[in-house]
Each structure stands twice: as C-alpha cells, then as structure tokens.
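Data block below; observations after.
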Amino acid sequence: MNFQLINIELHSDELKKFDPAEQGLSEYRYTGFAIEEGGKYYYWAKGISLEISDWEYVNIKLNPKLYYFSTALKLHHRIDRALQARLSV
C-alpha cells in the first residue's frame with residue numbers, strides 16, 4: 001500500500017481573502033490522503049473515502065490546489081456531496 005499526505009488549499013493568495021477562516025482550518029484548507037492499494041486508487045478527506053481513477057491519483061498528488069477545472073476541486077466537490085448525503089440520511 002502506498003499513500004501520500006495531501007495538503008489541500010486555495011490556488012492563489014488573492015483567492016484566500018475570500019476564505020472566512022484564513023488563519024486556521026477552513027472548508028478550503030484541509031489534509032487528505034492519496035492511496036494506492038492493489039492497483040486501485042482512493043482519496044480520503046474529511047472522513048470520506050472515494051475510489052478514484054489512476055489519473056486523478058496522479059493529479060491530486062502533483063497539484064493539490066483548488067481552482068477551476070483542477071482535480072483537487074473536482075474531488076473537493078465529490079467529498080462535499082458525500083458529506084451532504086451522509087447528513088441527509
């Protein structure tokens with residue numbers, strides 16, 4: 001099993017001024033894990049685990065910044081949808 005700690009954050013310092021919790025943890029600054037096990041790939045963040053593709057695994061490790069069309073933003077939204085689904089049950 002391989003895993004890598006991923007520090008997710010907003011892409012630009014300019015965008016950080018919109019982050020209401022700029023000096024601490026926030027919705028846009030958190031830690032996740034990229035995991036490879038037995039030819040399958042996973043992303044874990046905020047207590048949610050997602051199975052991801054091999055290219056998502058590579059991209060989240062290379063670029064953990066949140067901005068339009070980034071893999072990080074795509075996975076961020078998938079995590080948020082899973083969290084909302086968990087709360088609505």
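The values are calculated or read from the model by the stated rules, or taken from the named source; none is laboratory data. If you're wondering where the values come from, they're calculated on a predicted model, not measured in any experiment. With ideal geometry, Cβ positions are generated from the backbone for all residues, glycine too; neighbour counts draw on all protein chains shown. Heads up: the accessible areas ignore ligands, DNA and RNA and are worked out on the full protein's heavy atoms, side chains in. Shrake-Rupley method; radii C 1.70, N 1.55, O 1.52, S 1.80 Å.
Within the stretch 45-72, count every residue that is modelled with pLDDT of 95 or more and not in a loop (DSSP other than H, G, I, E, B).
Result for the stretch 45-72: 17.
Pairs, please: C-beta under 9 Å, at least 6 apart or cross-chain, first residue under 13 Å from residue 33 (Cβ atoms) and hydroxyl-bearing (Ser, Thr, Tyr) and in the stretch 57-76, second outside any helix (DSSP H, G or I) and open to solvent by less than 70 Å² (accessible area, probe 1.4 Å)?
57/34; 57/35; 57/36; 57/41; 57/42; 57/43
Show the residue pairs that are 6+ apart or on different chains and have beta-carbon atoms under 7 Å apart, the first residue being within the stretch 34-46 and touching a residue at least 24 places away in the same chain (Cβ under 8 Å) and open to solvent by less than 50 Å² (accessible area, probe 1.4 Å), the second being hydrophobic (A, V, I, L, M, F, W, C) and in a strand (DSSP E or B).
Sorted first by the residue in the stretch 34-46, then by its partner, the pairs are 34/3; 34/6; 35/3; 35/44; 43/34; 43/50; 43/52; 45/8.
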